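As structure tokens, the structure follows; a few thoughts come after it.
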Amino acid sequence: MPRVHRFEFPGALVHIMSRGLNGIELFRDDEDRHFFLQRLAESLRVTGYTCHAWALMDNHYHLLLRTSELPMSKVMRPLNGSFGRWYNKKYGRRGYLYQDRFKSILCQDQEYAHQLIRYIHLNPVRVGTVKTLRELELWEWCGHGCLVGNHTVAFQDRTEALRRFGRTTGEAVRAYRAFVQAGLDENGSADAGELADDHRAELDASQKGLPAIVGNPEFVRLALSKNKQRLLLVKRFKDNPEALNELAGQVCAKHAIALADLQRRGRNNPRSTARKDFCARAHSELQASDTAIARYLQVTLPSVSNMLRDRQILPS
């Protein structure tokens, strides 16, 4: 059965979740958590994504990310893959670590982002990992403490997250604290900050592997249109190899080399620079697969990965 396409487009806000296989603990100790966050920071850095909220639970995690021009897989595949390999080696296990693919929900910014930030950051309260909001402010494994100013998280965009709550930092922090407190007071610890019914329904749909989107009708129509354009771009590449030829011509003109030279190997010369440029642009602009790029350049898949890594498209 073919995989369902995700809703995504550049500059979108996405709620991402991933869970351990059959409820297995993803984070058994602080070393696991530190390693995961290091890989997350690296994936965000090389893809241009930003993180507004996050929480690491024992057997799953939540992220609220702003996308770049690259698809979500360019963040999530290196992140989950590197952590999975490290985890299996550390604990002497084999096989898959995660329950299916990561889940994602495309979200409208203005009307839903502040609710998502609260929902994600109150996860530790809902499951009883921490008992009070004061404990949550001191707990280092979610982004709440960063937003209230108790600790610094290099990969979390505090300014972007707080702008939804006030015009100045002080005003925003006070309003954010009050908003989180209200989510706890209204529903109690077990349902603190619970999402509205429509968002809850989309969250359930995403857990079943279905494409999910939350927003008003106008946003949904806009998102579907943008997503359709992205899929048409992918289809254009897959159905028309001239897209790569056209890009190759642009790259060769830029680097003043012949088209035939693009498929000739070499190190630290104009040809190698042009090949790396071609890989990066085919990857981001055409969303071409590594396999298609390798086939076009007549190289191996590891060679493509190395060229993309050199252009900071993939983490090491």
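Computed values, structure above
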| read-out | value |
| --- | --- |
| Residue tally, condition surrounded by fewer than 20 Cβ atoms within 10 Å (Cβ to Cβ), outside any loop (DSSP other than H, G, I, E, B) and touching a Gly at 6+ places or on another chain (Cβ under 8 Å), over the stretch 67-114 | 3 |
| Index of the failed condition, ALA253 passing every other in (1) in contact with a helix residue (DSSP H, G or I) (Cβ under 8 Å, 6 or more places away or on another chain); (2) surrounded by fewer than 19 Cβ atoms within 10 Å (Cβ to Cβ); (3) in a helix (DSSP H, G or I) | (1) |
| Test: residue in the stretch 96-114 that is closer than 16 Å to GLU160 by Cα, in the same structural domain as LEU162 (by TED's automatic domain parsing), touching a Leu at 6+ places or on another chain (Cβ under 8 Å) and at pLDDT 95 or above | no |
| Whichever residue in the stretch 5-25 is outside any strand (DSSP E or B) and at pLDDT 85 or above and, among such residues, is farthest from ALA161 (Cα to Cα) | ASN22 |
| Residue that is modelled with the lowest pLDDT, among those in the stretch 164-203 that are exposed (fewer than 14 other Cβ atoms within 10 Å of the Cβ) and part of a loop (DSSP other than H, G, I, E, B) | ALA196 |
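Residue-by-condition table, conditions (1) of a type in the set (A, V, I, L, M, F, W, C); (2) under 22 Å from LEU63 (Cβ atoms):
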residue: LYS131; (1), (2): no, no
residue: GLU137; (1), (2): no, yes
residue: PHE165; (1), (2): yes, yes
residue: PHE179; (1), (2): yes, yes
residue: GLU194; (1), (2): no, yes
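The values are calculated or read from the model by the stated rules, or taken from the named source; none is laboratory data. Computed from a predicted model, the values in this text were never measured in an experiment. Here the Cβ is made from the backbone with ideal geometry for all residues, glycine too, and neighbour counts use every protein chain on show.
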